[in-house]
Amino acid sequence: MNGHQSFVLWFTGLSGSGKSTLAHAVEEHLHQAQCRTFVFDGDNVRHGLCSDLGFGEEDRKENIRRIGEMTRLFVEAGVIAMTAFISPFREERQRVRDLFAPGEFIEVYCDCSLEVCEERDVKGLYAKARAGLIPNYTGISSPYEAPESPEIRVRTDQENLEQSIDHVLQYLRERKLIA
């Protein structure tokens, strides 16, 4: 009915790796191609559906669980769902992957060095975390478990935005998920 497959693009990476920027840019390209899309990120999830959660390990796991269940519903409705969350733990990302049929969960690893992420940090959160002012900050005082075999690996510290967008769209076209 939509003229495209439904699936989730799960953008993961450190804070400042370009997840939200890339997800919204890919969404714009897909929207221009008449695809039904929606991006879930901290701005529209953490202030509503997950506003009762903090940033400790258990709350982070619950946050990802809720996002996974929500995106599954969108995929069932025929929408291309995109998420832009650090989602630091492999086990939690695997739990979400297990909610989907094969090929419906596409992990997009926004691979970016910690140094570049810190350079991009306009809010100074990394500096605050290094000073001990922010506990459980991924990449500093809390681990980030990089994907071992993501469907798409985008080197956001080496590619410009257009190259990164093309990287994602090429994958989707090659698998005939979009026209």
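The values are calculated or read from the model by the stated rules, or taken from the named source; none is laboratory data. Keep in mind that what you see is a predicted model, and the values were worked out from it rather than measured. Don't worry about glycine lacking a Cβ; one is built from the backbone with ideal geometry, like all the others, and counts go over all protein chains shown. Remember, those area values only see protein heavy atoms, side chains included, never the ligands or the DNA or RNA. Shrake-Rupley method; radii C 1.70, N 1.55, O 1.52, S 1.80 Å.
Which residues, counting only those in region 17-29, are open to solvent by 10 Å² or more (accessible area, probe 1.4 Å), part of a helix (DSSP H, G or I) and either closer than 19 Å to Tyr137 by Cβ or in contact (Cβ under 8 Å) with a residue 12 or more places away in the chain (or both)? Lay out the reasoning, then the answer.
Looking only at region 17-29, we keep the residues that are open to solvent by 10 Å² or more (accessible area, probe 1.4 Å), and these are 18-21, 24-25, 27-29.
Applying the additional criterion that residues be part of a helix (DSSP H, G or I) yields 19-21, 24-25, 27-29.
Lys19, Ser20, Thr21, His24, Ala25, Glu27, His29, listed by residue number.
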Original post:
If you check every pair at least six apart or on different chains, which have Cβ atoms under 6 Å apart with a residue in region 141-170 that is within 27 Å of Phe55 (Cβ to Cβ) first and a residue that is surrounded by 18 or more Cβ atoms within 10 Å (Cβ to Cβ) and among the aromatic types (Phe, Trp, Tyr) second?
Top reply: Glu145/Phe89; Pro147/Tyr109; Pro150/Tyr109; Arg153/Tyr109
**OP:** Give region 90-133 a look and list any residue that's open to solvent by 40 Å² or more (accessible area, probe 1.4 Å), free of Cβ contacts under 8 Å to residues at least 40 places away in the same chain and touching a helix residue (DSSP H, G or I) at 6+ places or on another chain (Cβ under 6 Å), or say none.
**Re:** Leu99
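Just one of Leu14, Leu9 is surrounded by 20 or more Cβ atoms within 10 Å (Cβ to Cβ) and either touching a Gly at 6+ places or on another chain (Cβ under 6 Å) or modelled with pLDDT under 95 (or both); which is it?
Values: Leu9 fails: either touching a Gly at 6+ places or on another chain (Cβ under 6 Å) or modelled with pLDDT under 95 (or both).
So the residue among Leu14, Leu9 that is surrounded by 20 or more Cβ atoms within 10 Å (Cβ to Cβ) and either touching a Gly at 6+ places or on another chain (Cβ under 6 Å) or modelled with pLDDT under 95 (or both) is Leu14.
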Original post:
Can you find even one residue in region 144-152 that is in contact with a helix residue (DSSP H, G or I) (Cβ under 7 Å, 6 or more places away or on another chain), open to solvent by less than 10 Å² (accessible area, probe 1.4 Å) and under 17 Å from Asp41 (Cβ atoms)?
Top reply: no
**OP:** Report, ordered by the first and then the second residue, all pairs with beta carbons closer than 6 Å, sequence separation of six or more or different chains, a first member in region 30-52 that is in a loop (DSSP other than H, G, I, E, B), and a second member that is modelled with pLDDT under 70 and not acidic (Asp, Glu).
**Re:** Arg36/Asn2
Original post:
Regarding Ala179, is this residue out of contact with any Pro (no Cβ under 8 Å at 6 or more places or on another chain) and open to solvent by less than 80 Å² (accessible area, probe 1.4 Å)?
Top reply: no
